[in-house]
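Chemist: What follows is a structure written as structure tokens; I'll ask about it next.
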Amino acid sequence: MRIFGFLIITVSLLIVILSAFFGLSLPRGLKGLIDSASFICVMGSVLGGCLVAYGSEWGAAFKLRPNREEAAIAVGVYKLAARMSIGSGFFGAMYGWIAMLGSSAGGGGMDMDALYGGLAFSLITILYGLVFAFCLFLPLQYYFQHQLDKDS
């Protein structure tokens, strides 16, 4: 499972880098607030990181009625997921900023589409990281923490 986690992280970062620097075209309906490269940047890192850290034990994070040991594992998984979500959002921002600055460094003038595309990518990736951390992973962490406290 841990090797699979490293593979997920590598593939997701490769897709993000290709999208940020070479402009993988997205379907028209996915423009705006839905950006698949930003989603892959955040969730690929979270999924891969949790697999690397917890291996096959991370399945305990998806049980509705966990026992004490499973609840403790789930709290750790979601705590890690929240931190990785925020961190990967800012990694994606760095990719977007580097792509944005790289488009303005050309000798023939600035490419405004690439400039705004890099800026949009960086902001959307930060947004995804924060939304997943504070609206999904943190409430799940508190749910499992409550389950753990209830058992004591």
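The values are calculated or read from the model by the stated rules, or taken from the named source; none is laboratory data. Keep in mind that this is a model prediction, so the values were computed, not measured. FYI the Cβ positions are ideal-geometry reconstructions off the backbone, even for glycines, and counts take in every protein chain you see.
Chemist: Which condition does Ser36 not pass, out of (1) modelled with pLDDT of 90 or more; (2) of a type in the set (Ser, Thr, Tyr); (3) over 15 Å from Leu138 (Cα atoms), if it passes all the others?
Modeler: That leaves (1) as the condition not met.
Chemist: What do you reckon, is Leu127 within 30 Å of Arg65 (Cα to Cα) and either modelled with pLDDT under 90 or within 17 Å of the chain's Cα centre (by Cα) (or both)?
Modeler: On the way: within 30 Å of Arg65 (Cα to Cα): no; either modelled with pLDDT under 90 or within 17 Å of the chain's Cα centre (by Cα) (or both): yes.
The answer is no for Leu127.
Chemist: For segment 94-124, enumerate the residues that are at pLDDT below 85 and of a type outside the set (A, V, I, L, M, F, W, C).
Modeler: Gly102, Ser103, Ser104, Gly106, Gly107, Gly108, Gly109, Asp111, Asp113, Tyr116, Gly117, Gly118
Chemist: Scanning for something of a type in the set (Val, Ile, Thr), within 25 Å of Phe121 (Cβ to Cβ) and in contact with a Gly (Cβ under 7 Å, 6 or more places away or on another chain), does segment 31-38 turn up at least one residue? Write out each step before concluding.
Modeler: So in segment 31-38, the residues of a type in the set (Val, Ile, Thr) come out as 34.
After this cut, where a residue has to be within 25 Å of Phe121 (Cβ to Cβ) as well, the list is 34.
Next, only the ones that are in contact with a Gly (Cβ under 7 Å, 6 or more places away or on another chain) stay: none.
No: segment 31-38 contains no residue that is of a type in the set (Val, Ile, Thr), within 25 Å of Phe121 (Cβ to Cβ) and in contact with a Gly (Cβ under 7 Å, 6 or more places away or on another chain).
Chemist: Pull up segment 1-21, narrow it to residues that are hydrophobic (A, V, I, L, M, F, W, C) and closer than 15 Å to Ser122 by Cα, then point me to the one that is modelled with the highest pLDDT. Steps first, answer last, please.
Modeler: Initially, segment 1-21 is screened for residues hydrophobic (A, V, I, L, M, F, W, C), giving 1, 3-4, 6-9, 11, 13-18, 20-21.
From what is left, the residues that are closer than 15 Å to Ser122 by Cα are 13, 15-18, 20-21.
Working: Leu13: 70, Ile15: 74, Val16: 70, Ile17: 69, Leu18: 71, Ala20: 61, Phe21: 62.
Result: Ile15.
Chemist: Further question on the same structure: It is to be established whether one or more residues within segment 64-84 are more than 18 Å from Leu140 (Cβ to Cβ), in contact (Cβ under 8 Å) with a residue 24 or more places away in the chain and of a type outside the set (Val, Ile, Thr).
Modeler: Here is the first cut: in segment 64-84, the residues more than 18 Å from Leu140 (Cβ to Cβ) are none.
Taking every residue of segment 64-84 in turn, none turns out to be more than 18 Å from Leu140 (Cβ to Cβ), in contact (Cβ under 8 Å) with a residue 24 or more places away in the chain and of a type outside the set (Val, Ile, Thr).
Chemist: While we're here: Please verify whether Tyr78 is among the hydroxyl-bearing types (Ser, Thr, Tyr), more than 18 Å from Ala53 (Cβ to Cβ) and modelled with pLDDT of 85 or more, treating the condition exactly as stated.
Modeler: On the way: among the hydroxyl-bearing types (Ser, Thr, Tyr): yes; more than 18 Å from Ala53 (Cβ to Cβ): no; modelled with pLDDT of 85 or more: yes.
When the stated conditions are applied, Tyr78 does not pass them.
Chemist: What do you reckon, is Gly87 small (Gly, Ala, Ser), out of contact with any helix residue (DSSP H, G or I) (no Cβ under 7 Å at 6 or more places or on another chain) and modelled with pLDDT of 90 or more? Can you show your working first?
Modeler: Numbers: small (Gly, Ala, Ser): yes; out of contact with any helix residue (DSSP H, G or I) (no Cβ under 7 Å at 6 or more places or on another chain): yes; modelled with pLDDT of 90 or more: yes.
Yes; evaluated as a whole, the condition is true for this residue.
Chemist: If you scan segment 111-152, which residues turn out to be over 30 Å from Ala99 (Cβ atoms) and among the charged types (D, E, K, R)?
Modeler: Result: Asp149, Lys150, Asp151.
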